[in-house]
Amino acid sequence: MQTFEKQAGTWKLGLLCLAVLAPFFFLSYGFANHYADSLTSVKFIVFDWEKYIPLWPWTIVPYWSIDLFYGLSLLLCWNKFELKQHSLRLFSAQIISISCFLLFPLRFSFERPELSGFFGLWFDVLMGFDKPFNQAPSLHIVLLVILWDFYRRHVQGTQKYLVDIWAFLIGLSVLTTWQHHFIDIPTGLLVGALCLWLFPLHTAAPWTKNLQSSLTLKHFKLGILYFIAALFFVAVSYAKGVWLWLLYPAVSMLLVALAYLFNRPHLFQKQSNGQMTIAAKILFAPYLLFAWINSRVWTKKNPEDSKIVKLGKSYVYLGRIPNQATIQQYDALFDCCAELPIDHQSKIYQQNLSLDLIPLQANQLYQSVQRLEDILQSYQGSEAQNVLIFCALGYSRSSAVVAALLLKHHPEYSVEDCLRIIRHSRPWVVLKDAQIQQLNVYRLKLKGLAP
C-alpha cells in the first residue's frame, strides 16, 4: 500500500505530463471524430423516453469545466507515484474510449436548435472542434469518474459533498447539452471504473503475480465456468436486445474469471481496511450481490458463529462473513474472503485473502497463522478477547486456517484431531481431500520437513 506523503516539485512533472496528455487528447479525439464523419452511415442508439430530456443551455458551464479540472489535477498530485497512476488512468481512458469510437462508431441523433447569448457562445466554441460522434462510452463520463476519485481524495469534510455535487452536474450536462444519449453514460462509468481498477493506489495492480500460492487445475475449472457465464450473458443480451443491462454482469463475470484463471485474489482490490476500492465495487457489483446472497442462502440454517477453542487469552470463533451487528460481538477479526468487502469499524483486523472454493495451500496457511499470531500475541487485556476467523460461509477457507492454527499451538495433534475439534462445535464444516492434503504439508512444514 502506497502512502501519500507530499513530494516537493511534483507539479513540475505534472506540467510535463499535461504537455503530453493534452495534445494527445485533442489529436486522438479529433481523429476519431474525423473518421466517423467520413463514414457513409453511422448508427445511433436512443431510447424513446430520451426525447423528453430538456436542453438546458446553462449546463454548458459544468460541461466545459471538466477541461479545467483535468489540467489542474495533474498539477495537484501529492507525489510521483500518484502522478504516475493518475496519468496512466487518463491515458488509458483515452486509449480505451478512442478504440471504442473507431470500432463501434455512434452518433447523436437529436438536432440541437440555434442558441444565442453567453451560453450559445460556448456551444459555438464546442462545435468548432466537436461533431455529433464519439458517443459510447462517453469520454466525458470516463474522465469524470477518474477526476471525481482524484478530487475527493484531495479534499476533506464537507468539501467532498461539493465535489459530489459538481461531479453530478457534469454528469448531467452530457444529457442536458444534447451531447450524448443515455447509453453513453453507463458505458462511460464502466470504462472509468476500469481505468481506476487498472492503476490502483492502495492495492496491488491487476498484473501483479500472486506469490503465496500456485495455479491449480481447480483455478482453471472455476475460471472457465465464470468465463462461460460471461459469454452466456452476452449471448442472451444479443438475442433479447437488452445488451446494455446484461453487459454489466458479463463484464463482472469476466473479471472474476480472470481472478481465477490467473490466481489473483487481489483483482477484487480488497484493501487493508477490509473495503474494496470504488473501482472494484463498480466493476464487480453484480458478482458481489450474487456472492453476498449466496453466503446468506447457504448459511440460512446455521447462521451462528462457532466457538472452537481458547488459545491463551483468546477465544477463537469460526463463522461466515459478519454483518455490523455480529462485528460488535468481537474484539478482533481475521478475514480470509477476497470477494466480499467488510467494514470492521476500527476493530483489530488482519487478513490473508483467498478465492472461494480454492483449497488454501501450505504457504497461505503459514502466512495466515503468522498474521493470526500477531493478533493473539499483541493482546494485553486482562479479560479474554473474542477473535472471529471468517470467510464467505465459514465452511472451508476459514476452517482450514483454524485447523492450521491448532496445529501450530498443538504440534502433537494430527490434522484429523484438529478437524474433530472443529467439527465438534461446527459439524457442517466442509474440508475436502485437497485441503486436508495441504494441511498435512503445512504440518510437515512446521516440523521443518517440507519447504
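The values are calculated or read from the model by the stated rules, or taken from the named source; none is laboratory data. Here the structure is a predicted model, which means the values were calculated and not measured. Cβ coordinates were reconstructed from backbone atoms using ideal geometry, including for glycine residues, and neighbour counts include every protein chain displayed. Note: accessible area is taken over every heavy atom of the protein model, side chains too, but ligands, DNA and RNA are not part of it. Shrake-Rupley method; radii C 1.70, N 1.55, O 1.52, S 1.80 Å.
A compact table of results
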read-out	value
Segment residue 294-residue 6, extension gain: residue separation times 0.36 nm, minus the distance between their alpha carbons	99.4 nm
Degrees separating the helix 217-240 axis from the principal Cα axis of the chain, which is the longest one	30
Positive-end extreme of charge dipole, the chain - chosen from 324, 228, 375 (charges on Cβ)	375
Electrostatic dipole magnitude of the chain [Cβ: Lys, Arg +1; Asp, Glu -1; Cα centre; debye, to 20]	1340
Karplus (6.51, -1.76, 1.60) ³J(HN,Hα), θ = phi - 60°, over region 131-147, in Hz, Gly and Pro reported as x	10, x, 10, 6, 9, 10, x, 5, 4, 4, 6, 4, 5, 4, 4, 5, 6
Exposed GluC sites (Glu not before Pro) absent: longest stretch of the chain, with sites in DSSP loops and at most 12 other Cβ within 10 Å deemed exposed	115-303
Evaluated at q = 0.17, 0.18, 0.23 Å⁻¹: base-10 log I(q)/I(0), Debye formula over Cα of region 117-199	-0.77, -0.84, -1.10
Value of [θ]222 nm, deg cm²/dmol, for the chain, DSSP H segments ≥ 4, -39500 (n - 2.57) each, nearest 500	-18500 deg cm²/dmol
Carbon + sulfur, % of accessible area of the chain - ligands and nucleic acids excluded, 1.4 Å	65
Cα gyration tensor category, rounded, prolate or oblate, for region 322-424 with a/c compared to 1.5	oblate
Neighbour cut-off at most 16 other Cβ (10 Å), DSSP loop, trypsin sites (Lys or Arg not before Pro), region 151-216	209
Approximate spin-label separation residue 164-residue 24, in nm, with each point projected 7 Å along Cα-to-Cβ	3.3
Solvent-accessible area per residue for the chain (1.4 angstrom probe, square angstrom)	49
Segment residue 102-residue 124, extension gain: residue separation times 0.36 nm, minus the distance between their alpha carbons	5.4 nm
Chymotrypsin sites (Phe, Trp or Tyr not before Pro) lying in DSSP loop within region 83-143, provided at most 10 other Cβ fall within 10 Å	129
Electrostatic dipole magnitude of region 1-148 [Cβ: Lys, Arg +1; Asp, Glu -1; Cα centre; debye, to 20]	460
Sparse-neighbourhood loop sites, trypsin sites (Lys or Arg not before Pro) in region 381-451 - DSSP loop, at most 10 other Cβ within 10 angstrom	447
Per-pair calculated FRET efficiency, R0 = 35 Å: residue 275 and residue 231 via Cβ, rounded to 0.05	0.70
Degrees separating the helix 362-378 axis from the principal Cα axis of the chain, which is the longest one	80
Using alpha-carbon coordinates, inclination of helix 397-409 to the longest axis of the chain, degrees	40
For region 73-171, with +1 on Lys and Arg beta carbons and -1 on Asp and Glu, the positive-most of 77, 116, 98 along the dipole	77
Backbone N within region 392-417 under 14 Å of label point (7 Å from residue 447 Cα along the Cβ vector)	407-408, 410-417
Exceeding the 22 Å Cα-Cα cut-off - candidates 6/160; 218/347; 301/347; 281/307; 80/160	218/347; 301/347; 281/307; 80/160
